[in-house]
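Trainee: Quick one: the structure is below, and I'll ask about it shortly.
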Amino acid sequence: GDEHEINGPLVFQCGTCQTIVGDSFSLIEAVQELDLIVLRVLLQVRCERAKSDPLTGAFQPVRCKNCSGLLGKRFSSHPNPEYQVVVNNYSLDRSRIKSYELGSGDQEAMMEANNTQAASNTDNNAEMGSVLQAVQVRERMIV
């Protein structure tokens, strides 16, 4: 995919119907090996009855409330100690969601108009600096 720096918050959408299901303010981690994005909070989703599998642990499938598309899982246990971050959080399957960077349309328009790099929003985002830095690092793995 295109490598570009993430400068603004991200919105995560259902890959099927584009319903907004979360944003990067509740992003905990991107688990690259499992192709998962782990969030604390989701919107417009429903969790189904728990299932258990010796390889993946105990989890509830997470579906979009709007179209019932499968988005990921909410684990209550995971057998691999390296992936305990997924336990009691929402793990979205990267292939089943879309993401949109807020302000990216403005940046593209500015770059086209000026034929230069978009101006930095560092001052505007100073209060969110630490959150956005974490998102930037994690989103390079996601995009």
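The values are calculated or read from the model by the stated rules, or taken from the named source; none is laboratory data. Worth saying up front: this structure is predicted, and the values here are computed from it rather than measured. Methodologically, a virtual Cβ is constructed for each residue, glycine included, from the backbone with ideal geometry; neighbour enumeration extends over all protein chains shown. For accessibility, only protein heavy atoms count, side chains too; no ligands or nucleic acids. Shrake-Rupley method; radii C 1.70, N 1.55, O 1.52, S 1.80 Å.
Trainee: Failed condition for residue 23, given (1) open to solvent by less than 70 Å² (accessible area, probe 1.4 Å); (2) touching a residue at least 40 places away in the same chain (Cβ under 8 Å), with all others met?
Mentor: (2)
Trainee: If I ask for residues that are under 14 Å from residue 86 (Cβ atoms) and part of a loop (DSSP other than H, G, I, E, B), which ones from the range 54-73 would you list?
Mentor: 55, 56
Rundown of residues vs (1) open to solvent by less than 90 Å² (accessible area, probe 1.4 Å); (2) hydrophobic (A, V, I, L, M, F, W, C); (3) at positive phi, yes/no style:
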residue	(1), (2), (3)
44	no, no, yes
49	no, no, no
54	no, no, no
61	yes, no, no
70	yes, yes, no
75	yes, yes, no
80	yes, no, no
83	yes, no, no
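Conditions tested, residue by residue: (1) part of a loop (DSSP other than H, G, I, E, B); (2) within 15 Å of the chain's Cα centre (by Cα).
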position: 8; (1), (2): yes, yes
position: 16; (1), (2): yes, no
position: 41; (1), (2): yes, yes
position: 52; (1), (2): no, no
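Trainee: Next up: Using the structure shown, decide if residue 50 is closer than 16 Å to residue 75 by Cα, out of contact with any Ser or Thr (no Cβ under 8 Å at 6 or more places or on another chain) and touching a residue at least 12 places away in the same chain (Cβ under 8 Å). It would help to see each step written out before you state the result.
Mentor: Details: closer than 16 Å to residue 75 by Cα: yes; out of contact with any Ser or Thr (no Cβ under 8 Å at 6 or more places or on another chain): no; touching a residue at least 12 places away in the same chain (Cβ under 8 Å): yes.
Taking the combined requirement at face value, the residue does not satisfy it.
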